[in-house]
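Asker: Structure provided below as structure tokens; questions to follow.
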Amino acid sequence: MFEALTDRLQGVFKDMRSKGRLAEEDIDEALREVRLALLEADVNFKVARDFIRRVKERATSLEVLESLTPAQQVLRIVDEELVATLGGEPGRIDWTGKTPAPVMLVGLNGAGKTTSAAKLALTLRKLGQRPLLVACDTYRPAAVAQLETLGRQIGAEVYEEGTHASPVDIARRSVEYGREHGYSINIIDTAGRLQIDERMMDELVQIKAAIQPTEVLLVANAMTGQEAVSVAQQFHEQVGLTGLILTQMDGDARGGAALSIRAVTGVPLKFLGMGEKIEALQAYYPDRLASRILGMGDMLTLIEQTQELYDQEEAEKLQKKLVKGQFTLDDFLGQLQQIKRMGSLSSIMDMIPGLSQLTRRPEFAAALDEKQFKRVEAMILSMTVKERQNPVILDGSRRRRIARGSGTSVHEVNQLLNQFRQMQGMMKQIGRGKIPKGIAGLMG
Amino acid sequence: MVFNIFRKKEQPAGAGVAESLEKTRGGLFGAVRNMFQARRELDAAFWDELEERLIQADLGAHTTADLVDTLRETHDKRRFDSPEQAEAALRQEMMRLLGGGTVGLNLPLPLAVILVVGVNGVGKTTSIAKLAKFLAQSGRKPLLVAGDTFRAAAIDQLKVWGERVAVPVVAQGPGSDPSAVVFDGIKAARARGADVLIVDTAGRLHTKINLMEELKKVQRIVQRQIPDAPHETLLVLDAVTGQNALVQAKSFTQAVGVTGLVLAKLDSSSKGGVVFSIAQELSLPIKFVGTGERVDDFAPFDAGEFAGALFAE
């Protein structure tokens with residue numbers, strides 16, 4: 001079984017920790033495992049080799065070997081080197097110097113350019129920009145229709161000329177159109193192409209020459225294998241990339257390609273595509289990805305996502321309720337709906353330290369089933385306002401009514417109420433500043 | 001609708017497959033071949049370099065280690081006299097991994113069902129169009145079902161392809177229940193006398209439990225209509241994908257019992273070497289390869305031919 005890089009490194013360092021003190025051979029052995037894990041995560045062969053070499057140089061210093069906590073020292077070095085390789089600063093989109101600022105998306109077929117274009121438009125709008133989507137993929141059947149559908153979904157205008165005009169002309173005219181209509185950024189969706197297809201690569205060069213974009217972003221799939229390096233290199237050499245969007249990061253590919261592309265081209269990663277919902281483009285931060293690779297979870301991203309979706313006032317009110325132990329079924333329902341908006345539960349759990357392995361266990365997988373969500377939602381919605389505020393009044397007849405109303409059973413209603421009572425108890429403890437044992441164990 | 005795709009390369013149809021494959025293999029293992037020829041001695045550096053080449057062809061760390069170890073053991077036992085001998089031994093071992101020759105499709109009459117599955121963006125819809133044309137040319141009467149009701153414009157995409165290859169498409173509106181579309185498809189196939197139903201499905205990450213459940217439901221609906229269907233469940237893999245392809249193959253096999261693989265986009269410089277790991281661990285036959293953007297860039301996978309050509313000059 002190919003384990004995720006995270007799990008693998010955790011395993012390696014767990015072994016090292018139990019020993020306490022390290023000899024040079026121990027470090028060699030651990031680094032062999034790290035190298036294997038990097039290769040399994042599709043980190044390019046040469047990149048992995050250089051990486052291991054750098055870590056080893058630092059890890060075999062006397063300071064580390066004689067340290068009382070050598071495993072932690074090695075872990076720190078691996079982490080630092082990972083962050084260094086991934087690049088030192090969070091990526092931003094450059095829209096300065098031009099109105100509208102053209103941003104080109106390029107990449108192989110099926111990398112996720114069109115979906116990323118829509119997500120990028122949404123992201124830029126949140127930053128106060130007025131993006132225009134431009135359909136320059138005149139080759140793939142229904143690519144224009146796809147962009148139009150996505151544009152409608154997010155309420156963004158799409159500039160298109162069907163499939164007859166040349167992509168170079170469409171791009172050029174879209175800039176004029178954008179200027180006349182007050183758009184600040186043109187997001188140019190181009191057709192997928194092979195980095196070795198000279199004719200198609202030349203088309204990109206021409207588009208670039210015609211519109212002088214402020215950004216040329218390579219969209220690449222997180223699952224890409226060893227070839228990621230040569231894809232990125234070729235696109236970079238011929239078109240001149242300014243950044244990378246890594247898609248399908250919500251899958252279980254750990255994105256070793258990111259490490260490779262960054263190491264070989266020096267092009268910074270700017271965003272991660274997670275999920276099919278058009279709200280999910282995430283800013284990329286190297287330290288977070290390194291932490292994720294090392295199994296420390298991605299709490300910062302989770303917190304940021306939560307903050308964005310949470311109404312600040314709402315959150316403060318909830319906090320007060322928590323502290324006072326006044327958490328009601330209504331609040332619980334609100335929480336469920338928030339989580340639903342954030343994406344699948346398993347993708348959230350993947351970001352929490354120690355929980356990522358749990359999502360792969362079958363008993364948890366079943367619990368994370370979104371259908372179960374709907375049943376709970378139906379049960380709470382079948383209660384009266386009074387019942388939701390004060391579940392104590394729920395006697396047998398009320399419970400039967402709720403079961404009938406939600407299409408569930410009394411047994412399920414009982415289960416929900418029990419779970420809720422336990423949760424209330426836990427919330428009270430957290431409110432008082434104590435972390436309940438069960439949760440502390442999970443986080444450890 | 002304009003057939004832009006045909007504008008791109010004006011090559012005679014049919015000439016493409018062998019040629020594209022040849023190119024891929026050249027890039028693929030030409031390097032390994034050169035290595036064998038350049039080196040007269042099988043020293044430590046030789047083994048390291050062999051390992052590097054195989055890993056860079058996406059064979060994965062485990063499969064590469066197995067192959068190199070096997071070759072080394074053979075060498076220890078009966079010393080290769082020349083790099084040519086070592087190469088022959090490696091070729092033999094790789095062929096053994098891929099299994100026998102060509103594995104055909106099981107498509108019984110009167111109506112066979114092919115379910116086509118895979119993660120997003122691997123080339124399912126394009127592969128389906130190519131497969132439909134391939135089957136029509138071999139005398140079958142295919143009907144396509146637009147089961148990807150989720151992705152924007154996926155239905156339109158399949159319809160365009162259907163027109164291009166002159167194969168009818170059964171579709172409902174976006175957002176409709178895929179199972180219902182498939183149910184309609186089976187009825188339509190019977191009414192129109194089609195004998196192969198090819199079901200397109202929405203791309204889904206193998207980690208999304210609810211989407212995998214949806215796929216199982218589609219399968220159940222098919223089974224209710226035709227007890228031994230789907231007769232083939234083909235997993236489409238993108239040749240550029242690295243080791244995650246193995247995880248995909250495992251997950252989809254577990255969920256819906258994959259019967260074979262379609263290796264798409266083998267026209268790139270991608271190595272597709274992960275198929276060796278898949279063959280080694282799951283014994284799943286590769287049934288077809290997609291080698292280009294034209295509708296004729298598609299051929300049954302021939303393990304013998306593939307392995308043989310890996311070292312072609």
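The values are calculated or read from the model by the stated rules, or taken from the named source; none is laboratory data. Note that the structure is a prediction, hence the values are computed from the model and not measured. Cβ coordinates were reconstructed from backbone atoms using ideal geometry, including for glycine residues, and neighbour counts include every protein chain displayed. Remember, those area values only see protein heavy atoms, side chains included, never the ligands or the DNA or RNA. Shrake-Rupley method; radii C 1.70, N 1.55, O 1.52, S 1.80 Å.
Asker: Answer yes if at least one residue in the range B:130-137 is more than 22 Å from B:D296 (Cβ to Cβ), of a type outside the set (D, E), surrounded by 18 or more Cβ atoms within 10 Å (Cβ to Cβ) and assigned by TED's automatic domain parsing to the domain that holds B:R192, and no otherwise.
Answerer: First, the residues of the range B:130-137 that are more than 22 Å from B:D296 (Cβ to Cβ): none.
Within the range B:130-137 (the criterion being more than 22 Å from B:D296 (Cβ to Cβ), of a type outside the set (D, E), surrounded by 18 or more Cβ atoms within 10 Å (Cβ to Cβ) and assigned by TED's automatic domain parsing to the domain that holds B:R192), the answer is no, since none of the residues qualifies.
Asker: Which pairs turn up if I take residues in the range A:125-149 that are farther than 22 Å from A:S184 by Cα and look for partners that are at pLDDT below 90 and not small (G, A, S) with beta carbon separation below 7 Å, at least 6 apart in sequence or on another chain?
Answerer: What qualifies is A:T138/B:N4; A:Y139/B:N4; A:Y139/B:I5.
Asker: Hey, does the range B:77-96 have a residue that's modelled with pLDDT of 90 or more and either within 14 Å of chain A (Cβ to nearest Cβ) or crowded, with 21+ Cβ neighbours inside 10 Å (or both)?
Answerer: No, every residue in the range B:77-96 fails to be modelled with pLDDT of 90 or more and either within 14 Å of chain A (Cβ to nearest Cβ) or crowded, with 21+ Cβ neighbours inside 10 Å (or both).
Asker: Do you know which residues across the range A:140-161 are open to solvent by less than 20 Å² (accessible area, probe 1.4 Å), within 10 Å of another protein chain (Cβ to nearest Cβ) and not polar (S, T, N, Q)?
Answerer: Once the filter is applied, which keeps residues that are open to solvent by less than 20 Å² (accessible area, probe 1.4 Å), within 10 Å of another protein chain (Cβ to nearest Cβ) and not polar (S, T, N, Q), the range A:140-161 yields A:P141, A:A142, A:A143, A:V144, A:L147, A:L150, A:G151.
Asker: Which of the following residues is among the small types (G, A, S), closer than 24 Å to B:I55 by Cα and within 14 Å of the chain's Cα centre (by Cα): A:A258, A:A283?
Answerer: The unique qualifying residue is A:A258.
Asker: Ok, one more. Taking only pairs six or more apart or across chains, which ones have beta-carbon atoms under 9 Å, a first residue in the range B:108-137 that is within 13 Å of chain A (Cβ to nearest Cβ) and closer than 22 Å to B:K187 by Cα, and a second residue that is among the small types (G, A, S) and surrounded by fewer than 24 Cβ atoms within 10 Å (Cβ to Cβ)?
Answerer: B:A129/B:G162
Asker: Still on this structure, I have one more. Is there any pair linking a residue in the range B:185-207 that is farther than 15 Å from B:H231 by Cα and open to solvent by 20 Å² or more (accessible area, probe 1.4 Å) to one that is assigned to a helix (DSSP H, G or I) and of a type in the set (G, A, S), with Cβ under 8 Å and at least six apart or on different chains, and which?
Answerer: That search, which allows pairs on different chains as well, returns B:T207/A:S346; B:T207/B:S251.
Asker: Now, a different point. Please pick out the residue among B:A65, B:A112 that is touching a His at 6+ places or on another chain (Cβ under 7 Å), small (G, A, S) and at negative phi.
Answerer: Working: B:A65 fails: touching a His at 6+ places or on another chain (Cβ under 7 Å).
Within the list B:A65, B:A112, the selection yields B:A112.
Asker: Here are some conditions: (1) within 9 Å of chain B (Cβ to nearest Cβ); (2) of a type in the set (S, T, Y); (3) open to solvent by 20 Å² or more (accessible area, probe 1.4 Å); (4) touching a Pro at 6+ places or on another chain (Cβ under 7 Å). A:S230 meets all but one. Which one does it not meet?
Answerer: For A:S230, the exception is condition (4).
Asker: If I filter the range B:127-144 for residues that are of a type in the set (A, V, I, L, M), modelled with pLDDT of 95 or more and not in a helix (DSSP H, G or I), do I get at least one hit?
Answerer: yes
Asker: Any residue in the range B:159-166 that is free of Cβ contacts under 8 Å to residues at least 24 places away in the same chain and open to solvent by 10 Å² or more (accessible area, probe 1.4 Å)?
Answerer: yes
Asker: Let me ask another. Confirm whether B:S179 is surrounded by fewer than 24 Cβ atoms within 10 Å (Cβ to Cβ), among the hydroxyl-bearing types (S, T, Y), touching a residue at least 12 places away in the same chain (Cβ under 8 Å) and assigned to a helix (DSSP H, G or I).
Answerer: Working: surrounded by fewer than 24 Cβ atoms within 10 Å (Cβ to Cβ): yes; among the hydroxyl-bearing types (S, T, Y): yes; touching a residue at least 12 places away in the same chain (Cβ under 8 Å): yes; assigned to a helix (DSSP H, G or I): yes.
So B:S179 passes the test.
Asker: Restrict the check to the range B:145-154 and report whether at least one residue is open to solvent by less than 20 Å² (accessible area, probe 1.4 Å), outside any helix (DSSP H, G or I), more than 14 Å from chain A (Cβ to nearest Cβ) and at pLDDT 90 or above.
Answerer: yes
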